[in-house]
Structure formats: C-alpha cells, structure tokens
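S.K.: What follows is a structure written as structure tokens; I'll ask about it next.
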Amino acid sequence: MVYLRRWRLGVVEKGEHYSSRSSWNGARVLSRVGVLLLAFFSIRCQSQEPRDSAGLEKRVKQLEAAVPGVGEVMTATQLHFAKLFYAAGAKNWKLAAFEIDEVKENIEKAAALRPQENGVQLGGVVGAFEQTQIAFLSDAVERQDTDAFRRGYAEAIDVCNSCHRATGRPFIVIVEPTGPPVPNQQWSVGPATQ
Ligand code: HEC
C-alpha cells in the first residue's frame, strides 16, 4: 500500500525497496509530497482557476436563460389550481392533495425567481398564503370536507387576485373554473386510480 503510494508519487527509485522499519525516510517523502502539493496548487492558481470561473459564469448564464419566467410558472400554477377544483369536486382527495402541493411548489418558484415586484415582497405574500388559505384547503382535503373546500377555494382565489393587484396587474383575474382545464385526465376515483 505504502509502496504503491510512494510509487504513485514517483519517489521509489528502481531497485529501492521499501521496509517500514528501516529505509523509510519519512522526512524526505514528506518534503517531496510538499513540493508536489505546492506544484499542484500553483498550477491550479495560475491556469485552471481563471478558466474554471469563466466556465462557471458561462454555465450560470446558460442556466439563467433556461429557467422559466414568472409568467410561465404562474400559468402552471393556474393549471394545477384548476385541476385542484375538479379533483376535489370529484372527491378524488389524493389527487386534490397532490395538486395543492403543485400549487405550492409553483408559487414558491415564482417568489424565488422574482423576490420583489412593485415593492411587494413575493416571498412574504406566498408564505402567508401557504400558512392560511392553502393550509385551510389542505385541511379540508384531509377531512374530505367538500363545503369547507369550496369556501377555502374562493378565499384562495381572492389571494391570487390581491397579489396580482398589489404587483400592478389588476387585469389578471382568476375565477372559479367553468370547465375542466384539460380534456384528457380523469378526475373521479376509479379502480385505475387506486
Ligand atoms: C405573491 C404574488 C402572487 C400570488 C400569490 C399569485 N400570483 Fe399569479 N402572478 C403574479 C405576478 C407577479 C404575475 C405576473 C408575472 C409576469 O410578469 O409574467 C402573475 C401572473 C399570473 C398569471 C398570468 C400568467 C400569464 O403570463 O398569462 C396567472 C394565470 C396567474 N398569475 C395565476 C395565479 C393563480 C391561479 C394564483 C393563486 C393560486 C396566483 N397567480 C397567485 C403574482 C402572484
């Protein structure tokens, strides 16, 4: 093992042979290791690091360009929020709970993407929304209480719209869905959904 390590470090000369008791010159090996480490770090500092940080900057720019905008994240929120209505309407409570999580995930994403808008701290509004109206909806879903769910849903719509007003977009008005958001998903609980 030690022999191998010394060989890798290039300190074993031909014919030299290692014995842990006598011929091991610890100081010599350590000093050679030190020289190697020094050489390694100076190479990193001189050439690799600037190249790495330029690469990193490029990668961050690429990722930033690939990240969805707040509008896209909100469109996803809208879709999950509408699905939630149909899932709860069909008493498909597992799907309803899933859609609540999707709504949470997306509004959190929106706040992370744009922490402040029109002087409004999005994270603060999202946190309050999750702790009150969304928590109420989750509780209604857990208790399988359709009436409470309908009340909670109307209150959640008010919060969606009050944030839109506060962030300077009073023209984005959410209402109770008048039809299913997609034609190709089953809302009711059936044998295949168990
Ligand atoms: C914390 C504030 C906030 C909350 C809460 C909020 N929104 Fe938004 N929403 C915004 C902002 C800001 C925009 C504008 C995004 C942009 O600039 O593209 C927006 C835009 C939208 C849009 C328009 C997207 C488009 O490009 O057409 C929809 C739809 C939407 N929100 C749905 C909802 C729904 C549904 C809820 C509630 C479940 C909700 N929003 C809750 C801040 C919020």
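S.K.: By average Cβ neighbour count within 10 Å, what is the ranking of 110-123, 81-94 from highest down?
M.R.: For the peptides 110-123, 81-94, the packing ranking is 81-94, 110-123.
S.K.: Mind listing which chymotrypsin sites (Phe, Trp or Tyr not before Pro) in segment 152-194 are in a DSSP loop and have 15 or fewer other Cβ atoms within 10 Å?
M.R.: F171
S.K.: While we're looking at this one, here's another question. Taking H placed 1.01 Å from N in the peptide plane, check which residues at least 5 places from E117 or on another chain put their amide H under 5 Å from its amide H.
M.R.: L122
S.K.: Place a point 7 Å from Cα of N161 in the direction of its Cβ. Which residues in segment 54-78 have their backbone N less than 20 Å from it?
M.R.: 74-78
S.K.: For D147 paired with E102, estimate the spin-label separation in nm (one decimal), with each label point 7 Å from Cα along the Cα-to-Cβ line.
M.R.: Between D147 and E102, the label points sit 2.9 nm apart.
Every number in this text was worked out from the coordinates using simple rules, so none of it is lab data. Values in this document were obtained by computation on a predicted structure and should not be read as measured data. Neighbour counts run over all protein chains shown; Cβ positions are idealised from the backbone, glycine included.
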